[in-house]
Structure formats: C-alpha cells, structure tokens
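The values are calculated or read from the model by the stated rules, or taken from the named source; none is laboratory data. Remember, it's a predicted structure, so these values are computed and weren't measured experimentally. All Cβ positions, glycine included, derive from the backbone under ideal geometry; neighbour counts span all protein chains shown.
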Ligand code: HEC
C-alpha cells in the first residue's frame, strides 16, 4: 500500500514537472510562429500567382506591427462602410453557393451587386485617399468582369475570376484600416 502511494506521488510529480517545464512553452511558441508563416505565405502566393499587377503593393501580414494606413473615418461613415463590406462578403458566399449548383443566372446577379455602380464610385472616392479609391474602383471593375465570365456558364473560368476579384479584397485589407 505504502509503495503504491510513493509511486503515485512520483508520477504526479513527473507529470507536473513535464507540464510546467519550458518545453511546452517553446512548443506553443513554435506553433504560433508557424501559423503566422503559413498565412504570410498564402498571402504572398495569392497575389503573385494570380494578380501580377498588384505585385507592387506591400504586404505585411506576418508582421507584428500594424502598418495599414488609417482612413480616419467618422463613426457614422465607419458603420456605413462596414455594412457595405458585410454585404460584399454575403455576395461572395452567394456566388460560390450558386456556382456550386450550376445556377449561373443567380450567380451573375449576386456578382453584379459587387459591380461598379454610381453609388460605389461615390463611396470609393469619398474617403480622401487616392490609392484606396484606385483599389476600390479596380475591385468593382474586376467584379464586372467576373459577372461577364459567369454569364458564359463556364464554372472553372468563373471561379478563376472570383479568385482574381478576391485578391482585391485581400490587397485593400492589408493596406487600409478604418
Ligand atoms: C478598397 C478597399 C477594400 C476592398 C476592395 C474591400 N474591402 Fe473589406 N474592408 C476595407 C476596410 C478599410 C475595412 C475595415 C478594416 C479595419 O478597420 O480593420 C474592411 C472591412 C471588411 C470586413 C469587416 C466587416 C465588419 O463588420 O467588421 C469584411 C467582412 C470585409 N471587409 C469584406 C470584404 C470582402 C469580402 C471584399 C471583397 C469581395 C472586400 N471587403 C473588399 C476595405 C476594403
């Protein structure tokens, strides 16, 4: 009985030692660093492979410090912009959903909601930042190209063109914040 008690105590001690040791901390650090590397890499590949015209932009996703340019938006304008953004995300989901079911007309309709309308032109130019405006307009024009591609009912080309449009989301998000 006494022996069992001693063995149990020893095992508990070993367990505690291995959990509180430096080793486990180091492992966690490596894990976090790896996730950061991965995302940085995906980011770079996405832009360089699919959208060479945006290769000149700076991308600092793996970096600790936030180097995005702030647009200094008023609270009201900030709310309006975020609402637009959430609608953009919903449109992307609809496009993928309809494409997966070969419902090209509905996919084209969802895609056209991302196109260059007068409202979007005004929105993009109202932030007082030329580069933001340029990226915004290019984004909406790329969505118009996507709509035309979807209308040809070629699923592979449609997905390719969705990917090109998403590169503009990525590019702007890595450059600007509210
Ligand atoms: C021209 C610039 C630009 C483009 C293009 C752009 N966004 Fe954004 N988006 C922003 C900015 C700026 C923010 C605010 C980010 C911040 O302050 O951290 C934002 C925020 C968001 C948010 C957060 C919304 C919330 O309620 O918090 C989502 C979601 C989003 N964008 C989706 C998209 C999607 C999807 C696309 C492309 C289909 C897209 N955006 C294209 C500039 C852009």
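Would you mind telling me which numbered condition in (1) surrounded by fewer than 16 Cβ atoms within 10 Å (Cβ to Cβ); (2) within 11 Å of the ligand (Cβ to nearest atom); (3) within 15 Å of residue 150 (Cβ to Cβ) residue 92 fails?
Every listed condition holds for residue 92 apart from (1).
Part of a helix (DSSP H, G or I), away from the ligand (no atom under 12 Å from the Cβ), at negative phi and surrounded by fewer than 14 Cβ atoms within 10 Å (Cβ to Cβ), is that true of residue 76? Break it down stepwise before answering.
Details: part of a helix (DSSP H, G or I): yes; away from the ligand (no atom under 12 Å from the Cβ): yes; at negative phi: yes; surrounded by fewer than 14 Cβ atoms within 10 Å (Cβ to Cβ): yes.
Against the criterion (part of a helix (DSSP H, G or I), away from the ligand (no atom under 12 Å from the Cβ), at negative phi and surrounded by fewer than 14 Cβ atoms within 10 Å (Cβ to Cβ)), residue 76 qualifies.
Given the condition under 15 Å from residue 177 (Cα atoms), out of contact with any strand residue (DSSP E or B) (no Cβ under 8 Å at 6 or more places or on another chain) and more than 10 Å from the ligand (Cβ to nearest atom), answer yes or no: does some residue in the stretch 104-122 qualify? Break it down stepwise before answering.
Residues of the stretch 104-122 that are under 15 Å from residue 177 (Cα atoms), as a first pass: none.
For the stretch 104-122, residues under 15 Å from residue 177 (Cα atoms), out of contact with any strand residue (DSSP E or B) (no Cβ under 8 Å at 6 or more places or on another chain) and more than 10 Å from the ligand (Cβ to nearest atom): absent.
The rows are residues; the columns are (1) buried (at least 18 other Cβ atoms within 10 Å of the Cβ); (2) within 19 Å of the chain's Cα centre (by Cα); (3) at pLDDT 95 or above.
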residue	(1), (2), (3)
105	no, no, yes
109	no, no, yes
136	yes, yes, yes
143	yes, yes, yes
146	yes, yes, yes
155	no, no, yes
178	no, yes, yes
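What are the residue pairs meeting all of these: first residue in the stretch 81-104, first residue under 19 Å from residue 172 (Cβ atoms), second residue in a helix (DSSP H, G or I) and modelled with pLDDT under 95, Cβ atoms under 7 Å, and 6 or more apart or on different chains?
Between residues of the stretch 81-104 that are under 19 Å from residue 172 (Cβ atoms) and residues that are in a helix (DSSP H, G or I) and modelled with pLDDT under 95, the close pairs are 84/123.
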